[in-house]
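Encoded as structure tokens, the structure appears first; notes follow it.
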Amino acid sequence: MKGQLDDSKPIYLQIKEIIEDSIINDQIKAGERVPSTNELAKFYNINPATARQGMNELVQENILVKKRGVGMFVTEHAKQILVENRKKLFYETYIVPLIEEAKKLNISKKQLIEMLEKEEA
Amino acid sequence: MRIEVKDVSKRYGKKTALKHVTFTLEGPKIYGLLGRNGAGKTTFMDILAGHRLATSGEITIDGKKPFDNREILKNICLIKEADNFHENMRIKHIYKSYAYFYPNWDQPLADRLTEMYGLNKNARFKTLSKGMASAVGIIVGLASKAPITIFDEPYIGLDANARKQFYDILVEEYEKEKRMIIFSTHLIDEVSLLFEEILILKEGELILQEDADQLRSKSFSVTGSVDEVEKFIANKQVINKKKLANMMTAYVYGSPDEAAERKLRVEGMPIQDLIIYLTETEKEAN
């Protein structure tokens, strides 16, 4: 979990990411309660309405479920959904810049693969 | 509550502090009212709080004019940088007079904050240090529970810890009981996360009113070769640009959508930076 937010990106998106990361990392598991907008607002010194916007999007995406008067909870398939989404983004976010940088440095495809295999071992 | 500002101008002799300003503020929300010194922020807040009259145009609150109107004014609490209270009054008497004026006054909150800031309720206001005097302003503003609470640079002399305490309490109180808070400050980086909507005044004119997160997603910088950056910004609102060798960084307000295709490096811009660029005078920009 991040200790501080970045003022150059929308805050509600960062709140979303923080919750998503906690679910992907198993810090908050299926069926468990996530921090309330109150707790988030206080922790990060942000506007509660902004925190709520991030949480509400997660409800729409079936990552969280609202239980009236109790709080918000991680749904059964939350982690699965998030991992699938992240996989789709993986190519764009990591592979494309990796290949670009490798080209700049004249690292061949073969060398790249060698590096990856070394990492695995 | 709904504040409507219609074509408001304010002149002091030859100087025009506000020029035909029109906008609407609505509902419980934390607004950031930002701009340089002399941009007209304080004048606007004074008119809103019924302390001054506009030269032309009008401000109404739920359809009614605030000036000399007790029914409206008991809903508005303005805390300024200084001169909020009578020098000779004791802190406890300041609280009493506000409790008399503001129907929602929260004495337990005032007591709790007085203790938190280590103030002596029996001390006379004139014996307080600058920081302590500011603390009294902050306490009164929060405890007034006025549906429209306005803080105009309320913390001269308060150290970083005391300001942090103030932000914490503000969030806590706001979450408990929503109201409209209008916040004007130069310490933008400290409070920008609290704002839901931001208004920027420049030389007496309103140059921007926008949701804070929208502002964050629409303000960014692009960096790349001069050619590519120039092509990208051709039809965009460019706030600033700078060159180094054959590279260029442009600060843009709009959509970053096509930037990635042009292989430009896109970076977000903190609200503070955006405001610095937007409120720069021509002279400074050159």
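Does residue B:252 satisfy being closer than 23 Å to residue B:193 by Cβ and either within 14 Å of another protein chain (Cβ to nearest Cβ) or in a loop (DSSP other than H, G, I, E, B) (or both)?
yes
Can you work out which of the residues in the range A:6-38 that are free of Cβ contacts under 8 Å to residues at least 24 places away in the same chain and within 10 Å of chain B (Cβ to nearest Cβ) is farthest from the chain's Cα centre (by Cα)?
Per the stated criteria, the residue is A:38.
Could you tell me which of the residues B:134, B:192 is more than 25 Å from residue A:37 (Cβ to Cβ) and among the small types (Gly, Ala, Ser)?
Checking each option against the conditions leaves just B:134.
Determine whether the range A:88-106 contains at least one residue that is in a loop (DSSP other than H, G, I, E, B) and modelled with pLDDT of 90 or more.
Within the range A:88-106 (the criterion being in a loop (DSSP other than H, G, I, E, B) and modelled with pLDDT of 90 or more), the answer is yes, since at least one residue qualifies.
Inside the range B:163-199, can you point out the residues that are of a type in the set (A, V, I, L, M, F, W, C) and either farther than 17 Å from residue B:153 by Cα or assigned by TED's automatic domain parsing to the domain that holds residue B:253 (or both)?
If the condition is that a residue be of a type in the set (A, V, I, L, M, F, W, C) and either farther than 17 Å from residue B:153 by Cα or assigned by TED's automatic domain parsing to the domain that holds residue B:253 (or both), then B:171 is the only one that fits.
I'd like the full set of residues that are in a loop (DSSP other than H, G, I, E, B) and within 14 Å of chain A (Cβ to nearest Cβ), limited to the range B:186-218.
Correct list: B:187, B:195, B:196.
Go through the range B:193-213 residue by residue and tally those that are of a type in the set (A, V, I, L, M, F, W, C), surrounded by 21 or more Cβ atoms within 10 Å (Cβ to Cβ) and within 21 Å of residue B:18 (Cβ to Cβ).
Of the residues in that region, 5 qualify.
Among the candidates B:39, B:49, B:17, which residue alone is away from chain A (no Cβ under 14 Å) and touching a helix residue (DSSP H, G or I) at 6+ places or on another chain (Cβ under 6 Å)?
On inspection, the qualifying residue turns out to be B:17.
Quick one: would you say residue A:101 is free of Cβ contacts under 8 Å to residues at least 24 places away in the same chain and surrounded by 11 or more Cβ atoms within 10 Å (Cβ to Cβ)?
no
Quickly run through the range A:1-44 and pick out the residues that are among the aliphatic types (A, V, I, L, M) and within 17 Å of residue A:70 (Cα to Cα).
Correct list: A:28, A:30, A:34, A:40.
Out of the range B:251-262, which residues are over 16 Å from residue B:216 (Cα atoms) and surrounded by 16 or more Cβ atoms within 10 Å (Cβ to Cβ)?
B:259
Take residues that are under 15 Å from residue B:180 (Cβ atoms) and either small (Gly, Ala, Ser) or under 16 Å from the mean Cα position of the chain (by Cα) (or both) and tell me which of the strands (runs of 3 or more DSSP E) falling wholly in the range B:25-141 contain 1 or more.
It comes to B:29-34, B:76-79.
What about residue B:129, is it assigned by TED's automatic domain parsing to the domain that holds residue B:33 and either free of Cβ contacts under 8 Å to residues at least 12 places away in the same chain or surrounded by 15 or more Cβ atoms within 10 Å (Cβ to Cβ) (or both)?
no
Can you find a residue in the range B:154-175 that is touching a residue at least 60 places away in the same chain (Cβ under 8 Å), closer than 22 Å to residue B:77 by Cα and more than 14 Å from every other protein chain (Cβ to nearest Cβ)?
Yes, the range B:154-175 has at least one match.
Checking the conditions here, which among B:84, B:104, B:69 is in the same structural domain as residue B:42 (by TED's automatic domain parsing), surrounded by 15 or more Cβ atoms within 10 Å (Cβ to Cβ) and over 26 Å from residue B:157 (Cα atoms)?
B:104 is the lone residue from the list that is in the same structural domain as residue B:42 (by TED's automatic domain parsing), surrounded by 15 or more Cβ atoms within 10 Å (Cβ to Cβ) and over 26 Å from residue B:157 (Cα atoms).
Would you confirm whether any residue within the range A:41-49 is at pLDDT below 90, more than 17 Å from the chain's Cα centre (by Cα) and surrounded by fewer than 11 Cβ atoms within 10 Å (Cβ to Cβ)?
There is no residue in the range A:41-49 that is at pLDDT below 90, more than 17 Å from the chain's Cα centre (by Cα) and surrounded by fewer than 11 Cβ atoms within 10 Å (Cβ to Cβ).
Can you name every residue in the range B:263-280 that is surrounded by 18 or more Cβ atoms within 10 Å (Cβ to Cβ), in a loop (DSSP other than H, G, I, E, B) and more than 8 Å from chain A (Cβ to nearest Cβ)?
B:264, B:279
The values are calculated or read from the model by the stated rules, or taken from the named source; none is laboratory data. All values reported here derive from a predicted model rather than from experimental measurement. Every residue, glycine as well, gets a Cβ built from its backbone with ideal geometry; the counts of neighbours run over all protein chains shown.
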